[in-house]
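*Asks:* So that we are looking at the same thing, I have put the structure below in structure tokens.
The values are calculated or read from the model by the stated rules, or taken from the named source; none is laboratory data. Owing to the predicted nature of the structure, the values given are computational and were not obtained by experimental measurement. So basically every Cβ, Gly included, is an ideal-geometry build from the backbone, and we count neighbours across all protein chains shown. Ligands, DNA and RNA are excluded from the accessible area calculation, which covers all protein heavy atoms including side chains. Shrake-Rupley method; radii C 1.70, N 1.55, O 1.52, S 1.80 Å.
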Amino acid sequence: MAAPTVTTAAPWVPTPSRRATTSAPRPGAPAAAPATRDRPRLVALDGLRFAAAVGVLLYHYAVRDSQAWGRPPSEVFPGLGEWLVYAALGPELFFVISGFVILMTAWGRSVPQVAASRVARLYPAYWASVLLTGALLLWLWPDGKDVTPGQVAVNLTMLQSLVDVGNVDGVYWTLWTELRFYALVLVLVAIGITRRRVLAFAVLWPTAALLADAAGPPWLREVLISGYAPLFAAGMVLYVILRDGHSRGAWWLVAANTAASVWLVVPHQLAQQARNTAQSPSPVVLGALVVVCVALVAVVTLTPVARLRWRWLTTVGALTYPLYLLHEHWGWWVIAHVRDVVPVPVAFALATAFSVALAVAVHHVVERRLGPPLRSGVQRGLERLSARAGAVSRSAARRPAPRAATRS
């Protein structure tokens, strides 16, 4: 999952008059300060992100097949798995949130600013998590999963899927999905973000993704993120509604992308649960919950819920990303070592507490210390590179064209 940082946001009812003033920054000009920068933080969105991560944790500990309990989870938690299996939709909820938040943080900023913010947000906790989980599976618990040092090294790039190397931890699949979405947003930033362009993007991209999913080549499905494009697009349009006000066309676009998400997600989830669990979720319930994922983001950003000022939601929200990255194998490791000496609920609680403690440590020791300098360093480097490329381009434009040779 990519768990995007939820920065400040506009009040829950924006002024429609801002729609007319929305424009793209001039090429090469400094990015204008985003209109959301000095607005209250959407703390309810922080809480929603954390709830999604907790749902994924519950799914992995109580539903997904693993050797942690020494027997199938369906025997350890009889009757519970048929309900918790739906928590597997946590990544889909993350993708809707990401569409909203990444557009919010990108609007009015330059390509170097957006790229640097994403690098600084994703990589510090990810590097720590890959190294910690790699050490666990290489030395402390080699029976947990068969990995190699080379695999761990490639995973540090976050590009392992691009070179067909397996994930050290299965949850990393969402990061490759997020990276591709960020690349598309950077293209939009380079062109210039406006309301009209975002809405057009939210029509054309999911449509192309649906066509690619039905009949396109594998490389095109990868580029277009064919399985999840409508989820991201729905989140993007929700931010446009927050920023510029309600409109019938925007809400129709949210509805269309939600319907497309149901079409894509339900069969994928049915196949995934058949592979990874003993559960058979209802396709009707899965479809309804995909709609709920979009609806929840709308509720926490476009209704009075957005006015909540519970600081503890921001605190737990900051733990979402490292908890998501670390909980699976480290939690299973704890369960495997205590399952025979403590009751099942205690083993479950110990695994959860240990994972949360690891997330707290990574957030405070790694993210908060490494993130800011990494962001400023990457931004400076990209801005210098952009300035040099601009200078070369201007120099080439001023250079006189060579004279044609004259015939004697």
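*Asks:* Just checking, does segment 329-349 include any residue being closer than 20 Å to L122 by Cβ and in contact with a Ser or Thr (Cβ under 8 Å, 6 or more places away or on another chain)?
*Replies:* yes
*Asks:* Further, regarding this structure: Please go through segment 271-284 and give me each residue that is assigned to a helix (DSSP H, G or I) and either polar (S, T, N, Q) or surrounded by 15 or more Cβ atoms within 10 Å (Cβ to Cβ) (or both), ordered by number.
*Replies:* Once the filter is applied, which keeps residues that are assigned to a helix (DSSP H, G or I) and either polar (S, T, N, Q) or surrounded by 15 or more Cβ atoms within 10 Å (Cβ to Cβ) (or both), segment 271-284 yields Q272, Q273, N276.
*Asks:* Let me ask something additional. Give segment 136-150 a look and list any residue that's open to solvent by 30 Å² or more (accessible area, probe 1.4 Å) and outside any loop (DSSP other than H, G, I, E, B), or say none.
*Replies:* Within segment 136-150, L138, W139, L140, P149, G150 meet the criteria.
*Asks:* Among R41, R71, which is the only one that is free of Cβ contacts under 8 Å to residues at least 40 places away in the same chain and either surrounded by fewer than 22 Cβ atoms within 10 Å (Cβ to Cβ) or of a type in the set (V, I, T) (or both)?
*Replies:* Testing whether each residue is free of Cβ contacts under 8 Å to residues at least 40 places away in the same chain and either surrounded by fewer than 22 Cβ atoms within 10 Å (Cβ to Cβ) or of a type in the set (V, I, T) (or both) leaves just R71.
*Asks:* Which one of these does L58 not meet: (1) in contact (Cβ under 8 Å) with a residue 40 or more places away in the chain; (2) of a type outside the set (G, A, S); (3) open to solvent by 40 Å² or more (accessible area, probe 1.4 Å); (4) in a helix (DSSP H, G or I)?
*Replies:* (1)
*Asks:* Please give the number of the condition M104 fails out of (1) more than 19 Å from I241 (Cα to Cα); (2) over 13 Å from the mean Cα position of the chain (by Cα).
*Replies:* Checking M104 against (1) more than 19 Å from I241 (Cα to Cα); (2) over 13 Å from the mean Cα position of the chain (by Cα), the one that fails is (1).
*Asks:* Output the residues belonging to segment 67-113 that are among the aliphatic types (A, V, I, L, M) and over 19 Å from V54 (Cα atoms).
*Replies:* Result: V76, V101, I102, L103, M104, A106, V111.
*Asks:* Could you please find all residues in segment 299-315 being outside any loop (DSSP other than H, G, I, E, B) and among the polar types (S, T, N, Q)?
*Replies:* Selection gives T301, T314, T315.
*Asks:* Quick one: what pairs do we get from segment 309-331, first residue closer than 13 Å to L42 by Cα, second open to solvent by 30 Å² or more (accessible area, probe 1.4 Å) and not in a helix (DSSP H, G or I), C-beta under 7 Å, 6+ apart or different chains?
*Replies:* Sorted first by the residue in segment 309-331, then by its partner, the pairs are T314/R41.
*Asks:* Can you find a residue in segment 348-370 that is within 19 Å of L45 (Cα to Cα) and touching a residue at least 60 places away in the same chain (Cβ under 8 Å)?
*Replies:* Yes: one or more hits.
*Asks:* Follow-up question, since we're still on this one. I need the full set of residues from segment 107-117 which are surrounded by fewer than 24 Cβ atoms within 10 Å (Cβ to Cβ) and assigned to a helix (DSSP H, G or I), in order please.
*Replies:* Within segment 107-117, V111, P112, Q113, A115, A116, S117 meet the criteria.
*Asks:* Which residue out of E82, E92 is at negative phi and either open to solvent by 40 Å² or more (accessible area, probe 1.4 Å) or among the small types (G, A, S) (or both)?
*Replies:* E82
*Asks:* V341: at pLDDT 95 or above and either outside any helix (DSSP H, G or I) or touching a strand residue (DSSP E or B) at 6+ places or on another chain (Cβ under 7 Å) (or both), yes or no?
*Replies:* yes
*Asks:* Is it the case that segment 152-168 has a residue that's within 21 Å of the chain's Cα centre (by Cα) and closer than 20 Å to Q379 by Cα?
*Replies:* Yes, segment 152-168 contains at least one residue that is within 21 Å of the chain's Cα centre (by Cα) and closer than 20 Å to Q379 by Cα.
*Asks:* Out of the residues in segment 151-169 that are part of a helix (DSSP H, G or I) and touching a helix residue (DSSP H, G or I) at 6+ places or on another chain (Cβ under 6 Å), which is surrounded by the most Cβ atoms within 10 Å (Cβ to Cβ)?
*Replies:* Per the criteria, the residue is N155.
*Asks:* Right, next: Which of the following residues is farther than 30 Å from V130 by Cα and in contact with a Lys or Arg (Cβ under 9 Å, 6 or more places away or on another chain): R388, R309, R399, R375?
*Replies:* Only one candidate qualifies: R309.
*Asks:* I'd like the residue in segment 333-360 that is of a type in the set (G, A, S) and in contact with a helix residue (DSSP H, G or I) (Cβ under 8 Å, 6 or more places away or on another chain) and, out of all such residues, is nearest to R71 (Cα to Cα).
*Replies:* Among those that are of a type in the set (G, A, S) and in contact with a helix residue (DSSP H, G or I) (Cβ under 8 Å, 6 or more places away or on another chain), it is A347.
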